[in-house]
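Asker: I have a structure I would like to understand better, so I am pasting it below and will then ask my questions one at a time.
The values are calculated or read from the model by the stated rules, or taken from the named source; none is laboratory data. Everything numeric here is computed off the predicted structure, so don't read it as measured data. All Cβ positions, even for glycine, are placed from backbone atoms using ideal geometry, and neighbour counts span all protein chains on display.
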Amino acid sequence: MKLDSRTTAVLTLDLQTGIFGFLPESLQITSKAGRAVEFARTAGMQVVHVGLGFAQGHPEISELKNGFHRVKEKNLFVKGSESAQFHESVYQPGDLVVYKQRVGAFAENELHLILRARKIEHLVLMGIATSGIVLSTLRRAFDLDYDCTVLKDACFDDDAEVHRVLTEKVFTKQACVITVEEFIQQQGA
């Protein structure tokens, strides 16, 4: 399916130094993700990097053991810190960055407002983890009436079977699920 570059945004999801620190094997997707982002820029699509970003001291994280407590204990993903930086394969200075403080890309931030202000109708998703931010973002994007594409070989999950089931059986109900090369070919490049 050929996408209108004026109404399409490519979202990189949690492709940050700190995430790669937790899941070093996920670095395997950086070349595919980088290729997709490079193509998107050339095609005139909006590129948006969405990732974890907290204020100093992590006031957004409660004292409860809610899954984010390790981030606070280790002082990770503070905006401007190394762990919050986006991987060099996808990020260029001046790129649009949206921070979140929970799993999904739309969680308590301005992402939806930014996309609507730019008249974005179609989202192309990639990131880490398939069962985390990609799943949460796709579900919310679908509920917000965005058309979505998931680049399955630019997504990573530390459980290969979960990744397979999501990309082959679950995501296909709400998105077009293709490879990076299929995405580029479909756009006529």
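Asker: Taking residue 134 as meeting all but one of (1) surrounded by fewer than 16 Cβ atoms within 10 Å (Cβ to Cβ); (2) in contact with a strand residue (DSSP E or B) (Cβ under 9 Å, 6 or more places away or on another chain); (3) within 25 Å of residue 62 (Cα to Cα), write down the number of the exception.
Answerer: (1)
Asker: Within the group 174, 101, 185, which residue is touching a helix residue (DSSP H, G or I) at 6+ places or on another chain (Cβ under 9 Å) and of a type in the set (S, T, N, Q)?
Answerer: On the way: 101 fails: touching a helix residue (DSSP H, G or I) at 6+ places or on another chain (Cβ under 9 Å); 185 fails: touching a helix residue (DSSP H, G or I) at 6+ places or on another chain (Cβ under 9 Å).
Just a single option satisfies the conditions, and that option is 174.
Asker: Quick one: which residue in 27, 64 is of a type in the set (A, V, I, L, M) and exposed (fewer than 13 other Cβ atoms within 10 Å of the Cβ)?
Answerer: Details: 27 fails: exposed (fewer than 13 other Cβ atoms within 10 Å of the Cβ).
So the residue among 27, 64 that is of a type in the set (A, V, I, L, M) and exposed (fewer than 13 other Cβ atoms within 10 Å of the Cβ) is 64.
Asker: Let me ask another. For residue 36, are the conditions met, namely being in contact with a strand residue (DSSP E or B) (Cβ under 8 Å, 6 or more places away or on another chain), modelled with pLDDT of 95 or more, in a helix (DSSP H, G or I) and crowded, with 19+ Cβ neighbours inside 10 Å? If you could, list the steps in order and put the result at the bottom.
Answerer: On the way: in contact with a strand residue (DSSP E or B) (Cβ under 8 Å, 6 or more places away or on another chain): yes; modelled with pLDDT of 95 or more: yes; in a helix (DSSP H, G or I): yes; crowded, with 19+ Cβ neighbours inside 10 Å: yes.
Judged against the criteria, residue 36 is a match.
Asker: Could you check how many residues of the range 41-59 are of a type outside the set (Phe, Trp, Tyr) and assigned to a strand (DSSP E or B)?
Answerer: Restricting attention to the range 41-59, the residues satisfying the condition of being of a type outside the set (Phe, Trp, Tyr) are 41-53, 55-59.
Next, from what is left, pick out any that are assigned to a strand (DSSP E or B): 46-52.
Result for the range 41-59: 7.
Asker: Among 100, 79, which is more than 25 Å from residue 148 (Cβ to Cβ) and of a type outside the set (S, T, N, Q)? Please lay out each step first, then the result.
Answerer: Values: 100 fails: more than 25 Å from residue 148 (Cβ to Cβ).
On inspection, the qualifying residue turns out to be 79.
Asker: Could I ask something else about it? Across the range 90-119, what is the number of residues that are touching a Gly at 6+ places or on another chain (Cβ under 7 Å) and either closer than 25 Å to residue 6 by Cβ or β-branched (Val, Ile, Thr) (or both)?
Answerer: 2
Asker: Taking into account only those residues within the range 137-147 that are hydrophobic (A, V, I, L, M, F, W, C) and surrounded by 22 or more Cβ atoms within 10 Å (Cβ to Cβ), which is nearest to residue 7 (Cα to Cα)? Don't jump to the end; show me each part of the working.
Answerer: Here is the first cut: in the range 137-147, the residues hydrophobic (A, V, I, L, M, F, W, C) are 138, 141-142, 144.
Subset that is surrounded by 22 or more Cβ atoms within 10 Å (Cβ to Cβ): 138, 141.
Details: 138: 17, 141: 14 Å.
Looking at the filtered set, the residue picked out is 141.
Asker: Within the range 1-33, restricting attention to residues that are over 16 Å from the mean Cα position of the chain (by Cα) and of a type in the set (A, V, I, L, M), which residue is modelled with the highest pLDDT? Give the derivation first.
Answerer: Step one: of the range 1-33, the residues over 16 Å from the mean Cα position of the chain (by Cα) are 1-7, 21-22, 24-25.
Then keep just the ones that are of a type in the set (A, V, I, L, M); that gives 1, 3.
Working: 1: 80, 3: 94.
Only one residue tops the list, namely 3.
Asker: Moving on. Within the range 55-76, identify whether any single residue is closer than 14 Å to residue 12 by Cβ and either at pLDDT 95 or above or of a type outside the set (Asp, Glu) (or both), and answer yes or no. Don't jump to the end; show me each part of the working.
Answerer: Kept after step one, since they are closer than 14 Å to residue 12 by Cβ, are these residues of the range 55-76: none.
No, every residue in the range 55-76 fails to be closer than 14 Å to residue 12 by Cβ and either at pLDDT 95 or above or of a type outside the set (Asp, Glu) (or both).
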